[in-house]
Amino acid sequence: MPRLSESPGRRLRLHPGRRNWRQILAGAIILSAFPILGWAQPVASPPAAVHLGGSTVYELQRGLGGLTAEARARDVEGRLLRLANDTTVPIESIAVSDLGGVAVITGGGQMLATATPEEAAQLGQTPLQLGEIRTTAIRAAVIEYRKARERPPLANRLLKIGGAWLMLAGLLWVLSGLHRAASQRLHHWRQTYRNAEARSLVLRGNLVRRLMTAETLVFRLLMGVTLLAGATAALTLTLQQFASTEELSATWLNWFREPLELLTKSVVDYLPSLGFLVVWTVIVAYAIRLLKVASRWVGEGIITIPSFHAEWAEPTYRIAAFLMAAFGLVVAFPYLPGRGSPAFQGVSIFIGVLLSLGSSSAISNIIAGIILTYTRAFRAGDRVKIGDHVGDIVEKSLWVTRLRTIKNEDIVIPNSTVIGAAVINYTEGKYQGGLIIHTTVTIGYDAPWRQVHQIMIEAARRTEGVLADPPPFVFQTALNDYNVSYQINAYTDRPHEMARLYSDLHQHLQDTFNEGGIEILSPMYNQLRDGNHTTIPGSYLPPNYRPPGFRVERPGDAG
């Protein structure tokens, strides 16, 4: 088949048995038809440069045939890149010829570019002169492109690749060694100050502990950056050493360069907003810290506020700090990155839905916790009864109240449940003259009530933890069908020992009533005294005791 080639006079000839003559012939026909069809009319567009291997070859001033100058430039770049990568095509094959008044630049039997009369006229030249200039520029660019990509022997390339990876491994090894040395030194210092008692040495130990944490973070950061940057550079160098992967190396670099450029641009554009956020965050943080200092002084009594109790200081600080942080977030929101993006809005809506669906009970508990705090129903450490649970308050937060029972059981009660239940505070009575413990027994009508009072008061006095002043006292709470209800009341300042106090009081009541010869009718029982032994233990009975009951005796019987 014929092939189009260049003659010394820069005329194109067709040689039989060669390829690609159809493309050249078709291009010539199309170029010849441009004036007839009107396709060669210039297209108004900005100028565009033709590049090869990162260097500018020449500049196109206008579009042509419905294509803009930018589109023409990209099309020429593709042709030049294919020619430059085909090292079998000699540089001397790049030539220019005149076809119907249009200068056509060819190379290796392929059409590369054109120079139209309109472009030449705009520069004050003929099409062939402009084509000569562009041909010279193309030859120089191809020579430079191929020279830059000339590959050394395979052994040298492999040596370069191995050196790059060894350098990366050596750098990582050096960083690891520095990390080990610094860690050992800091660990030695920490062991030195671990058991120190002097305040200065304790402060040094705390400083060393913080340095250890900072050193670990810095090492991890350096290792990550070094590994990422070094691996990227080494892999890029490896891909560039082979023709089949050279183009992939550029793609690989673009994967990192484009995101980094975008990130850098975004960071630079965001710097003014970031500066405002930093200043505003510092202001809010110091305001909250100042509020915390004030609340501590109020809690310690250094600052007194009329009608404001010291135990309100901590919860008030928490509420005020939360409101201040919320206000700071509202002010900072317009300066947050990505605030107007659909992703940010979607996440905000999602979080809002979650809060609205799941926060009703939490909000009710928080409100109940605030009410309990400012009503001073109880404080941490108080012995209370909440519903059916009796124990000591171990924690009081905005959400829950933790109660530890006398059996050492921890009960977590939501504040909304606490505020809806009856709360009995036994500790509060300690500050009002003493808590009154009380218990009731039933005694028969045959026992003198004054003697019963003395016996019960004596039992209370024997109980350890009962106050002598105010003295114990007795109430007769009911006159029942078969007995009288007597209630002993005694003051104590040990509400946390209520279980033991009641146990001891009951023991002493049994002893004192037995000593007084009076039966306790609790629980009440009925019996016919027909000679049965009394229920009082024998050790409390007199030596001449006789069982009571109905008995018929004859005169002179001794029993």
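Just one of (1) at pLDDT 85 or above; (2) within 30 Å of residue 166 (Cβ to Cβ) fails for residue 284. It is (2).
Using the structure shown, decide if residue 103 is among the small types (Gly, Ala, Ser), on the phi < 0 side of the Ramachandran plot and in contact with a Phe, Trp or Tyr (Cβ under 9 Å, 6 or more places away or on another chain). No.
Residue 237 satisfies every condition listed in (1) over 30 Å from residue 157 (Cα atoms); (2) among the hydrophobic types (A, V, I, L, M, F, W, C); (3) in contact with a Lys or Arg (Cβ under 8 Å, 6 or more places away or on another chain) except (1). Beta carbons closer than 7 Å, at least 6 apart along the sequence or on distinct chains, never pair a first residue in the stretch 236-261 that is without any contact (Cβ under 8 Å) to a residue 24 or more places away in the chain with a second that is loosely packed, with under 11 Cβ neighbours inside 10 Å and in a helix (DSSP H, G or I). Yes or no: residue 436 among the hydrophobic types (A, V, I, L, M, F, W, C), under 23 Å from residue 473 (Cβ atoms) and at pLDDT 85 or above? When the stated conditions are applied, residue 436 passes them. In this structure, residue 301 does not satisfy being within 30 Å of residue 276 (Cα to Cα), loosely packed, with under 13 Cβ neighbours inside 10 Å and free of Cβ contacts under 8 Å to residues at least 40 places away in the same chain. On the given criteria, is residue 284 free of Cβ contacts under 8 Å to residues at least 24 places away in the same chain and out of contact with any Ser or Thr (no Cβ under 7 Å at 6 or more places or on another chain)? So residue 284 fails the test. Note on the stretch 394-410: among residues that are among the aliphatic types (A, V, I, L, M) and in contact with a Gly (Cβ under 7 Å, 6 or more places away or on another chain), the one that is surrounded by the fewest Cβ atoms within 10 Å (Cβ to Cβ) is 406. Here the stretch 72-92 is the region considered, the condition is being among the charged types (D, E, K, R) and more than 22 Å from residue 121 (Cα to Cα), and the residue that is surrounded by the most Cβ atoms within 10 Å (Cβ to Cβ) is 79. Among the conditions (1) in contact with a Ser or Thr (Cβ under 6 Å, 6 or more places away or on another chain); (2) outside any helix (DSSP H, G or I), residue 249 misses just one, which is (2). Looking across the stretch 308-364 at every residue that is among the charged types (D, E, K, R) and part of a helix (DSSP H, G or I), the one that is modelled with the highest pLDDT is identified as 318.
Here residue 269 meets the list (1) among the charged types (D, E, K, R); (2) more than 30 Å from residue 78 (Cβ to Cβ); (3) in contact (Cβ under 8 Å) with a residue 60 or more places away in the chain almost entirely, failing just condition (3).
Among the residues that make up the stretch 436-451, is at least one of them of a type in the set (Gly, Ala, Ser) and more than 48 Å from the chain's Cα centre (by Cα)? Among the residues of the stretch 436-451, at least one is of a type in the set (Gly, Ala, Ser) and more than 48 Å from the chain's Cα centre (by Cα), which makes the answer yes.
Annotation note: of 69, 48, 95, the sole residue that is crowded, with 18+ Cβ neighbours inside 10 Å, farther than 19 Å from residue 121 by Cα and assigned by TED's automatic domain parsing to the domain that holds residue 130 is 95. Looking at the stretch 61-76, which of its residues are over 55 Å from the mean Cα position of the chain (by Cα) and within 17 Å of residue 111 (Cα to Cα)? Selection gives 64, 65.
Are any residues in the stretch 126-139 polar (S, T, N, Q) and buried (at least 17 other Cβ atoms within 10 Å of the Cβ), and if so, which ones? 135, the sole residue that qualifies.
Rundown of residues vs (1) in contact (Cβ under 8 Å) with a residue 24 or more places away in the chain; (2) not basic (Lys, Arg), yes/no style:
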{"position": "408", "(1), (2)": "no, yes"}
{"position": "423", "(1), (2)": "yes, yes"}
{"position": "430", "(1), (2)": "yes, no"}
{"position": "445", "(1), (2)": "yes, yes"}
{"position": "468", "(1), (2)": "no, yes"}
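Only one of the numbered conditions (1) within 14 Å of residue 51 (Cα to Cα); (2) charged (D, E, K, R); (3) without any contact (Cβ under 8 Å) to a residue 24 or more places away in the chain is not met by residue 144, and that is (3).
Residue selection: residue 488 satisfies the criterion of being touching a His at 6+ places or on another chain (Cβ under 9 Å), in a strand (DSSP E or B), outside the structural domain of residue 389 (by TED's automatic domain parsing) and in contact (Cβ under 8 Å) with a residue 24 or more places away in the chain.
When residue 391 is tested against (1) farther than 28 Å from residue 318 by Cβ; (2) without any contact (Cβ under 8 Å) to a residue 40 or more places away in the chain; (3) small (Gly, Ala, Ser); (4) in contact with a strand residue (DSSP E or B) (Cβ under 6 Å, 6 or more places away or on another chain), exactly one condition is not met: (1). Would you check if there is a residue in the stretch 56-69 being under 27 Å from residue 244 (Cα atoms) and not hydroxyl-bearing (Ser, Thr, Tyr)? The answer is yes; a qualifying residue exists.
Does the stretch 371-388 hold any residues that are of a type outside the set (A, V, I, L, M), under 22 Å from residue 499 (Cα atoms) and without any contact (Cβ under 8 Å) to a residue 40 or more places away in the chain, and which are they? 387, 388 - these are the residues of the stretch 371-388 that are of a type outside the set (A, V, I, L, M), under 22 Å from residue 499 (Cα atoms) and without any contact (Cβ under 8 Å) to a residue 40 or more places away in the chain. With respect to (1) buried (at least 17 other Cβ atoms within 10 Å of the Cβ); (2) at pLDDT below 90; (3) more than 29 Å from residue 544 (Cα to Cα), the lone exception for residue 505 is condition (2).
Residues in the stretch 486-519 that are within 60 Å of the chain's Cα centre (by Cα) and among the aromatic types (Phe, Trp, Tyr): 2 in all.
May I ask you to list the residues in the stretch 464-502 that are surrounded by fewer than 18 Cβ atoms within 10 Å (Cβ to Cβ), polar (S, T, N, Q) and under 30 Å from residue 408 (Cβ atoms)? Matches in the stretch 464-502: 489 only.
The values are calculated or read from the model by the stated rules, or taken from the named source; none is laboratory data. Not measured: the values here are computed from a predicted model. When we count neighbours, we look across all protein chains shown, and the Cβ atoms used for this are built from the backbone with ideal geometry, even at glycine.
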